[in-house]
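What follows draws every value from the coordinates through simple rules; no lab data is involved. Quick caveat, the model's predicted, so the values are computed rather than measured.
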Amino acid sequence: MKNLNRRDVFLGLSAMAAMGVVTAEGQTTALPGANVLSHSETFPFDKLPVKKTANGGASRAVVQGVLATGETVEMHETTLPPGQMPHPPHKHRHSEFMMVREGQLEFDNDGTPERVGPGGVIFAASDVMHGLKNVGEVDANYFVIAIGRESELQKVVGR
């Protein structure tokens, strides 16, 4: 093995820190205060807390935490009235899957509109501009699963 210089040691430690949410034993060492999702459970729809949104819709938080394998996940359900957007197009570090339950959504995929209806699935990749709009005549319902977490730098610069 060659002698390591400070740069090599720093790069190695940085790589280990980036993977640091999982220990050698496969146990999660989540960030302080993180909800570790370590047991199976159900989330009945009628038991999910409902939060009204400014656009006349609603959102239901399902779960947020860190899996035993180290990934940060968040899941919620949204009801979006016709003609409305949940928020302007944006991008973020985490990736998202959106599963359409009811209604017709238009997915702005980095400037390219794509229609998605019931049963359709949308994938918004990390750091790609995206947005949603209900282009149908009835409320749209969809579930979002976000995988990954934002960096502290992205929180500061508002990405």
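Across the range 85-97, computed HN-Hα scalar couplings (Karplus, 6.51 cos²θ - 1.76 cosθ + 1.60, θ = phi - 60°) run 10, x, 5, x, x, 7, 9, 7, 5, 6, 9, 9, 10 Hz from first to last residue, x flagging Gly and Pro.
Globularity index of the range 41-80 is 1.35 (Cα radius of gyration / 2.2 N^0.38 Å, N = number of residues).
Each principal axis of the Cα atoms in the range 37-156 has its own extent, and those three values, largest first, are 41, 35, 26 angstrom.
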